[in-house]
Amino acid sequence: MGRSFDEVFSAEFDALHGYAARRLGRSAADDVTAETFAIAFRRWGDLDPSRPVRPWLYGIASNLIRHHWRKERRMLRAYARTGDDPVLAEEDVSLERLAARALQPRLAAALADLRREERDVLLLHAWAELGDAEIAESLSLPVGTVKSRLSRAREQLRNRLGPIGQVEVERLNTVEERR
Amino acid sequence: MSTDDLHTLREFRAELPPPDEETRRRIYEHATREARGRRRRLPAVGLAAAAAAATVAVLLVSPWGGNTGLVQRALAAVGSGEVLHVVFTEQPGPPGWYGAVSLPSGKPLPDPILRREVWYDQSRGLEKSVFSLGNGNGFGESIETPQADYNSAGRITNAVTVDGNKVTPSVGPSASLEPALADFVDEYQSALASGQATRTGTGQVDGHDVTWLHIAADPAHYDPAMDVAIDSSTYAPVQVRTDDADPVQFDVSEIDTQAYDPSLFTPPPVTSPVSASTGAPTPIDATQAPGLLDGKAVWLGQSWNGYELVGVAQEQVTDSYSPDSGKQPVQSVAVVFTYADGSDMLEIAETAQCEFGLGLSCGGPYQPQDGVLFLHQPDSSSTTLDDGVYVAIRQNGGDADPVAVANALQSITR
């Protein structure tokens, strides 16, 4: 027996909204999340209850986020240029958290330079925490393609973050451990 | 630390607090109201869009200040056809991504000049780009359409629509220009039309008398400020510089508008693989390598600078092409020489043809060349072409100078 729409909404809303918000900012995330669930609600009766619903939802969301790719890339580039995160500008973020973000303009630049299809796969993996097979289902790709795109994206990210990134991550870990 | 990148990404992701209950309720109501009649957007967003449209309308009819003559001519120079056509040259980036050095001097070589020709039809959501080197040698083409994107590897599927259990490629967004050019095209025409471009002086660019226009940043749309040089006789833009912490400069050699021609936006032929796989290595004797690579192979000898040859292996590399192309997989042979100095490893991987599966860049500005070493920083790999053999030099630990490694390569005699 599959879950009801309300159950899925309750279980998935925060994560899906957070995923969209990190990519596009809160305002656009409201729109994308609303439209994702609206499409899901409209097609709920057609959904095979034996199949997992998360890849399906993120597939819809990815399709909608794709319409905003230029905005996403511009926001990432703006963040990389200025060090001011456009997504967090409207949020109430503690100074402690802000201090731990020294690496992130570089990360934003690296994300901005990824190909769109590689960024989708990487962020579904890292932020939506979908597995390779789930990403494949979300984006209608062979699993091998997901693996190769993920591998390429991560390689590019590692290359861009480089040894400074590793030092910075170690520092962040230390900060987290002290908290 | 193979998870560093994911850890950093998740730090980036984890900072956002969840939306409040009011937002959650509003979105839930919007979603479930679909059954009673579809609305595309949340009310607040719809109002914002309407307000933005009204703002644009006001801007379009606003006076053009003191630049009227120049601005009118600059707008007219671009034209008003359906398809915007721009030819520009740029430096490849980002800096440090690839670096080229001359062999054997080890001196850095300048980045190659890249030429890009773009046809952009905003109303139909179409974009075509043709890439070439400064010498005119083409190396790539891409097409974006509302249905799909294509490049030399075939159709690129980014997203899907789901209808019940049937999953089909999505009807995607309109094509969008590469950001640097998009910033220019978007800002330039609208800034001219709205009177936001200000004349800041005159000068010369590549021997042409120009007038410089400054276009202020638009933080609301993340548009950087930019300076545009307008040819004083044709009024066409000839050079663009973004004015921010990460400046971009490119030269515009042609800009005009054209009539729509559907044949312009047909997908390019498939020439590049979409993936490559490598089979299990089979140990071989070093003297067998030339026979596997069209008669030529290079190595560092039995030892080099403290590194000892610890293995030679043959690997089967399979390039796979987009299923839509109907092209069959292509197999080739690679030979990998592995050297070790304690725990430091050095690999010389080589093929007779430029091989995507070896990590080589093929067909573009970074395709291995004789006498040039491309350094892929900072992952300690580098590539070159040595006596007709395509070579990737990979390091795991150690600090061997890749230029010294490349210069030490020698042919194997059978």
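Readers should treat all values here as calculations from the given coordinates under stated rules, not as data from a laboratory. For clarity, every value in this text was computed on a predicted model and none was experimentally measured. Neighbour counts are summed over all protein chains in view; Cβ atoms, including those assigned to glycine, are modelled from backbone coordinates with ideal geometry.
Quick look at the values:
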quantity: In nm, spacing of pseudo-spin labels at B:VAL310 and A:ASP6 (7 Å Cα→C-beta vector); calculated: 6.3 nm
quantity: Residue mean of other protein chain beta carbons inside 10 Å, A:9-16; calculated: 2
quantity: C-alpha center-to-center spacing [the stretch A:1-33, the stretch B:318-367] in angstrom; calculated: 41 Å
quantity: Exposure proxy ranking, count of Cβ atoms within 10 Å, fewest first, for B:THR413, A:THR33, B:THR23; calculated: B:THR413, B:THR23, A:THR33
quantity: Using a Förster distance of 56 Å, the FRET efficiency for B:ASP344-B:HIS208 (Cβ separation, nearest 0.05); calculated: 0.55
quantity: Distance in nm between pseudo-label sites at B:GLN369 and B:THR89 (7 Å out along the Cβ direction from Cα); calculated: 1.5 nm
quantity: For peptides A:18-31, A:40-53, sequence by mean Cβ density within 10 Å, most packed first; calculated: A:18-31, A:40-53
quantity: Relative exposure of B:THR8, B:THR287, B:THR384, judged by other C-beta atoms within 10 Å (fewest first); calculated: B:THR287, B:THR8, B:THR384
quantity: Relative contact order (percent, whole number), the stretch A:1-71, Cα cutoff 8 Å, 6+ residue spacing; calculated: 37 percent
quantity: Exposure proxy ranking, count of Cβ atoms within 10 Å, fewest first, for B:GLU254, B:GLU315, A:GLU12; calculated: B:GLU254, B:GLU315, A:GLU12
quantity: Inter-probe distance in nm under a simple model that places probes 7 Å from Cα toward Cβ, at B:THR266 and B:ARG199; calculated: 4.7 nm
quantity: Within 10 Å of each Cβ in A:22-34, the average number of Cβ atoms from other chains; calculated: 5
